[in-house]
1. Quick one: is Ser46 within 10 Å of the chain's Cα centre (by Cα) and either assigned to a helix (DSSP H, G or I) or at pLDDT below 80 (or both)?
2. Only residues that are open to solvent by 100 Å² or more (accessible area, probe 1.4 Å) and either modelled with pLDDT of 85 or more or within 20 Å of Gly54 (Cβ to Cβ) (or both): list them for segment 6-39, please.
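The values are calculated or read from the model by the stated rules, or taken from the named source; none is laboratory data. Just so you know, these numbers come straight off a predicted model, no measurement behind them. Here the Cβ positions follow ideal geometry from the backbone for every residue, glycine too, while neighbour counts run over all protein chains shown. Surface areas here come from the heavy atoms of the whole protein model, side chains and all, with no ligands, DNA or RNA. Shrake-Rupley method; radii C 1.70, N 1.55, O 1.52, S 1.80 Å.
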Amino acid sequence: MNKRNFYVGMGMGLIVGGAAAVAMRSRRNTPKSVLGRTLKTIGEVSDSISDIMGW
């Protein structure tokens, strides 16, 4: 298994999982700050994966 393919797969899984978690949450009880923190976390994860892969 190629490490690059593994990292790409992990990154895609984290992004899709995060998006699904945000989509499944109740919208009327979700403050904007929670959505902002989730998007910030997803961005940080993608940045760290890019740094690991050397992009």
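1. Values: within 10 Å of the chain's Cα centre (by Cα): yes; either assigned to a helix (DSSP H, G or I) or at pLDDT below 80 (or both): yes.
Criteria met by Ser46.
2. Here is the first cut: in segment 6-39, the residues open to solvent by 100 Å² or more (accessible area, probe 1.4 Å) are 12, 24-25, 27-29, 32, 37, 39.
Across segment 6-39, the qualifying residue is only Met12.
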